[in-house]
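Structure first, then comments.
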Amino acid sequence: MSKSYTPDNTRLAKNTVLLYFRMALMLCINLYTSRIVLHTLGVEDYGIYNVVGGVVVMLSFINDSMTASTQRFLSFELGSGNQQKLREVFATSINIHLIISLIIVVLGETLGMWFLHEKMIIPPERMTAAEWCMQLSIFTALLNVLSYPYISAIIAHEKMSSFAYIAILDAVLKLLLVYLLLLFDYDRLIFYAILYAAEKLLIRLIYNIYCVKNFEECKYRWFFRKDLFKEMASFAGWKMWGELAMVLYNQGLDILLNVFFGPIVNAARAAANYVQLAVGNFASNFQVAINPQIMKTYASDQLEETHRLIYKGSRLTFCLLLTICLPLIVETPTILGLWLKEVPDGSVTFLRLLLVILMIRQSTSVLITAIAATGNIKRYEVTMGILMLSILPIAYVVLKLGGAPWSVFVVYLIIVIISFVAILLIVLPMIKLRVSDYFKHAIQPCAVVLFLSLFVPFGLKLLADNSFVYSLVTIFLTVISTSVLSFFYGIDKEMRSLIISKVRIITAGKI
């Protein structure tokens, strides 16, 4: 009989607030630093850095799959209360990540360097700088690989305050990095890559020290058990297929745009993608807080509680994303104009499409966590991998027929809609959740909020001029109206009561 785990709504709320504070600060710092980096490096070098770094990201899909496996097994064992198995899982994850780091070095130095020299469009005078970026990106990827077991341990233990503080330090160091970049006249693309790698090394050491000090299982001791290694590797193997597909279609689109249109369009994609990632990270903060609870309730055989967390997670994720994305979609030119000194052509259309895609994809993220808890992810990963990989050949045909750069994201959007339906049909039966119940408790409230939220921004756009002040008013009123609608129609009664009680405590304290 598995150990009973009781989800803590207060801890969930506290962790979510901490993570949102972290994200708000990081978002401000990252938007500012990326603006300065784009201006300092120039559009061409900025495009080169992103597309070269993207090749290494393609090679790190192996690590992403293992990270998901590590977090799943750590959270599961914490939920079941098996301390010995917890230590064994962590030791096994370290061993596997060491193997992954070796694989990434080999692939980066062979396949990555070949692709850089033979296939990518890089101005000859910038090839040396691109080679530096490639080598330093490989080194940074290794640091990330060896950090993930420790990050997974922090999240599994729900120590979100520490996770938030380290991430804030990461953002502040990136701000310092930009300041140093402005002080030197040496090749700034190379210098930026060096500084970024050094910063990641420091953060890697901090994660290691914190986890060894606070979690007994993180004191690494050599351990090997064939059945556990096979179990974790099998889970990671199927996850790897899905991660490979994700990396190939995502970075593959970057390469397609580079091959057909050159690095200037890569800069436009990078700018739009950066905002999309920032918004996605904002929404994922709640998911980071709720995912361990979904894993632990499933591990302790509390299916009804797991379903309740899924409803809560789906609704809150969608409402949070809608509150951020809707004003961004309506006022994309204004937002990009405020952020960047020089807005790359195509960024506005790219960003609007990417935000719609993000909202659809993230709304099922808690279901993906639930199926990971079961450990039976083969059917899901194979189906999603095939659907995601279909984006590239379809996009290639569209571009070959004369499609504009934004057309590849229309293809992406269509496939994501199909994937949304497939996820519901595959995942819900596996966690014994009826489609009708998920529709009633998750999809229907989100649809109501979406429909009602459209009236304010589009009504204002019909009556408005294109002045800067009116755009800011539209953004403000859209955020307020969407937040109010989300509070009354989007979140559940329990969460509304929790928010009201916290507000009353804060208000009483001030009085």
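The values are calculated or read from the model by the stated rules, or taken from the named source; none is laboratory data. Here the structure is a predicted model, which is why all the values come from computation and not from measurement. As a convention, Cβ positions derive from the backbone with ideal geometry for all residues, glycine included, and neighbour counts pool all protein chains shown. When the accessible area is computed, the model is the full protein with side chains, heavy atoms only, and any ligands, DNA or RNA have been set aside. Shrake-Rupley method; radii C 1.70, N 1.55, O 1.52, S 1.80 Å.
Remarks
- Residue tally, condition open to solvent by 50 Å² or more (accessible area, probe 1.4 Å), within 24 Å of Lys312 (Cα to Cα) and either among the basic types (Lys, Arg) or assigned to a helix (DSSP H, G or I) (or both), over the range 445-458: 5
- Among all positions in the range 301-313, there is no residue which is open to solvent by 10 Å² or more (accessible area, probe 1.4 Å) and within 30 Å of Val348 (Cα to Cα).
- Selected residue (only one of Val382, Val397, Val343 is modelled with pLDDT of 90 or more and either under 19 Å from Pro429 (Cβ atoms) or open to solvent by 40 Å² or more (accessible area, probe 1.4 Å) (or both)): Val397
- Selection count, the range 125-137, where residues are at pLDDT below 85 and under 17 Å from Ile203 (Cβ atoms): 1
- The set of residues in the range 193-240 that are under 30 Å from Phe409 (Cα atoms), open to solvent by 70 Å² or more (accessible area, probe 1.4 Å) and either modelled with pLDDT of 85 or more or within 18 Å of the chain's Cα centre (by Cα) (or both) is empty.
- Residue identified as on the phi > 0 side of the Ramachandran plot and not small (Gly, Ala, Ser) among Lys432, Lys461: Lys432
- Against the criterion of being within 30 Å of Leu477 (Cβ to Cβ) and either open to solvent by less than 30 Å² (accessible area, probe 1.4 Å) or assigned to a helix (DSSP H, G or I) (or both), Lys461 qualifies.
- Check on Ser161, among the hydroxyl-bearing types (Ser, Thr, Tyr), closer than 22 Å to Leu25 by Cβ and open to solvent by less than 50 Å² (accessible area, probe 1.4 Å): yes
- The residues in the range 346-377 that are closer than 19 Å to Gln71 by Cβ, open to solvent by less than 30 Å² (accessible area, probe 1.4 Å) and in a loop (DSSP other than H, G, I, E, B) can be counted, and the count is 2.
Each row is one residue, and each column tells you yes or no for (1) out of contact with any Pro (no Cβ under 7 Å at 6 or more places or on another chain); (2) touching a residue at least 24 places away in the same chain (Cβ under 8 Å); (3) among the aliphatic types (A, V, I, L, M); (4) open to solvent by less than 20 Å² (accessible area, probe 1.4 Å).
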{"site": "Gly108", "(1), (2), (3), (4)": "yes, yes, no, yes"}
{"site": "Glu118", "(1), (2), (3), (4)": "yes, no, no, no"}
{"site": "Arg126", "(1), (2), (3), (4)": "yes, yes, no, no"}
{"site": "Asn144", "(1), (2), (3), (4)": "yes, yes, no, no"}
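- Check on Thr70, in a helix (DSSP H, G or I), among the β-branched types (Val, Ile, Thr), within 21 Å of Gly242 (Cα to Cα) and in contact (Cβ under 8 Å) with a residue 24 or more places away in the chain: yes
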